[in-house]
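The values are calculated or read from the model by the stated rules, or taken from the named source; none is laboratory data. The structure displayed is predicted, hence computed values, not measured ones. Ideal geometry is used to build each Cβ from the backbone, glycine not excepted, and the neighbour counts take in all protein chains shown. Areas reflect the complete protein model, heavy atoms only, side chains present, ligands, DNA and RNA absent. Shrake-Rupley method; radii C 1.70, N 1.55, O 1.52, S 1.80 Å.
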Amino acid sequence: MSWADRARLLAPALLALIGFAAAGRLADGLVVGLGASIALFGAGLPAARRAATLVTAGLLLLLAIATGYQVADVFLTLILWNLIVAVLATVVDAALPLGAPGPWSLVLMVDVGSLLGMDHLGLRTTLLHVGLGCLIGVLTGLVDSLYVGRRATGAFPPTSRPVGLRPRAWVASWKFVEVYIAVLLASTFTHATADRHPFWPVLLVVLVLSGGGGRARLVQRAVRCLVGALVGVVVFAPLSRLTLPTGVLVALVCVLGLLALRFVADREVPGAFLVTLLALTVTLPLLPTASPMTLGLEHAADALVAVGLSLVMIVLVRPLSRITMKHLK
């Protein structure tokens, strides 16, 4: 799926954000836009399968946010729900499939739900806003399938699936173990340090480990993501001192979101830089009492820990997957 396709699918989410911001409800607009982002799932599938993918992704998103909102302070329950959502999303991806942005993006929503629990919205209002966004996302995806059709690049060309179910299943299993252990360790860190933004280290872990390639490529990806994240924190420091009008802030979020879509998949440094700026900029209206400088320092610490955990997984778990694959051949 090209950047232009992703930008087109996210246009209604950005319009919803702009509309809510114009009504003086920027935080609500961010939550609605979060739900509308499910329009990215299932791109390139026929309309009927796209509909099933979008509805399923929406339900998983609502489940993840609701559970993250309610169990944020109960660590064992939080990591259990991380695992449940991870398994559900992985199974759904194998059956439908989900396509970009992938099943792990739904796991992130458990931690996003815990962040939303710190906002002024109650659980019911939060879910109503997310549900509205999901409805916008489903309608956007269906219109895209019906009227734009297969002119888009398509996320699922017939030759993209590996041949042989058993090796593929083992590869998927090891990838799942690798990413989930890293997510578990990242969540343990955020709980032990009383981190107010648990989704940040989880986001960076997923950003690093969900990429393809061998050990050397993933190590390179991890280092580049760290550099991009730290540069983003440095740039955010002077930016956060500016008192931006709501319209300018919304425009900044839209531009950062579209640029992040362009670079995050294959250009790690600018991708991580833009994702960092976007995450910090979005968090400010959601946590208006938080100090921007504290947010930046916490994000830098989270980035260091997340990349460190990713490197541990690459060094320790990745060789085990290759040993297992040798026995399967």
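Points to keep in mind about this one:
- Scanning region 172-229 for residues that are part of a helix (DSSP H, G or I), charged (D, E, K, R) and under 30 Å from Met293 (Cα atoms) gives Arg221, Arg224.
- In this structure, Ala272 does satisfy being under 21 Å from Asp111 (Cα atoms), touching a Cys at 6+ places or on another chain (Cβ under 7 Å), crowded, with 19+ Cβ neighbours inside 10 Å and small (Gly, Ala, Ser).
This table checks each residue for (1) among the aliphatic types (A, V, I, L, M); (2) open to solvent by 30 Å² or more (accessible area, probe 1.4 Å); (3) out of contact with any helix residue (DSSP H, G or I) (no Cβ under 9 Å at 6 or more places or on another chain); (4) over 25 Å from Met109 (Cβ atoms).
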| site | (1), (2), (3), (4) |
| --- | --- |
| Val206 | yes, no, no, no |
| Gly228 | no, no, no, no |
| Val231 | yes, yes, no, yes |
| Val253 | yes, no, no, no |
| Gly257 | no, no, no, no |
| Ala265 | yes, yes, no, no |
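- For region 39-57, the set of residues classified as part of a helix (DSSP H, G or I) and crowded, with 24+ Cβ neighbours inside 10 Å consists of Ala39, Leu40, Thr53, Leu54, Ala57, listed by residue number.
- Only one of the listed residues (Leu309, Leu277) is farther than 23 Å from Thr188 by Cβ, modelled with pLDDT of 85 or more and either surrounded by 19 or more Cβ atoms within 10 Å (Cβ to Cβ) or in contact with a His (Cβ under 6 Å, 6 or more places away or on another chain) (or both). That residue is Leu277.
- Taking first residues from region 83-109 that are over 23 Å from Ala260 (Cβ atoms) and modelled with pLDDT under 80 and partners that are part of a helix (DSSP H, G or I) and of a type in the set (Lys, Arg), the Cβ contacts under 8 Å between residues at least 6 apart in sequence or on separate chains come to Leu96/Arg49.
Here's the yes/no breakdown for (1) part of a helix (DSSP H, G or I); (2) over 17 Å from the mean Cα position of the chain (by Cα); (3) over 17 Å from Leu226 (Cβ atoms):
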| position | (1), (2), (3) |
| --- | --- |
| Ala237 | yes, yes, yes |
| Arg262 | yes, no, yes |
| Thr276 | yes, no, no |
| Leu280 | yes, no, no |
| Ala290 | no, yes, yes |
| Gly296 | yes, yes, no |
| Ala301 | yes, yes, no |
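- Checking each residue in region 234-251 for being β-branched (Val, Ile, Thr), closer than 20 Å to Gly271 by Cα and either open to solvent by 20 Å² or more (accessible area, probe 1.4 Å) or in contact with a Pro (Cβ under 9 Å, 6 or more places away or on another chain) (or both) picks out Val234, Val235.
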